[in-house]
Amino acid sequence: MKNEKEYLKLAEEGNHLGQFNLGCCYQIVIGIIKYEKKAFRWYLKSGNHKGQNNLGNCYLNEIGTTKGK
């Protein structure tokens, strides 16, 4: 299993699966706003169906977003 640093490297290279997995890493750290915003950003960049699904959940549950936006 890859760790956060490996996913970050892949994500920054534009790898969609790396972006999705990095978003998952950050979202798992529940309740820390800094990481929720990072998770949201990487899901947004991922462009794959899993990332889009998690992005929808972020909007629905106001994870990494501002209420009402």
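Would you confirm, using the coordinates I've provided, whether LYS5 is in a loop (DSSP other than H, G, I, E, B), modelled with pLDDT under 90 and loosely packed, with under 11 Cβ neighbours inside 10 Å?
no
Condition first: basic (Lys, Arg) and modelled with pLDDT of 90 or more. Now tell me which residues in the stretch 8-36 satisfy that.
Once the filter is applied, which keeps residues that are basic (Lys, Arg) and modelled with pLDDT of 90 or more, the stretch 8-36 yields only LYS9.
Does the stretch 39-48 hold any residues that are in contact with a Gly (Cβ under 8 Å, 6 or more places away or on another chain) and either at pLDDT below 90 or of a type in the set (A, V, I, L, M, F, W, C) (or both), and which are they?
Listed by number, the residues that qualify are ALA39, PHE40, TRP42, LEU44.
The values are calculated or read from the model by the stated rules, or taken from the named source; none is laboratory data. Since the structure is predicted, the reported quantities are computational estimates derived from the model, not experimental observations. Glycine also receives a Cβ, built like all others from the backbone with ideal geometry; neighbour counts cover every protein chain displayed.
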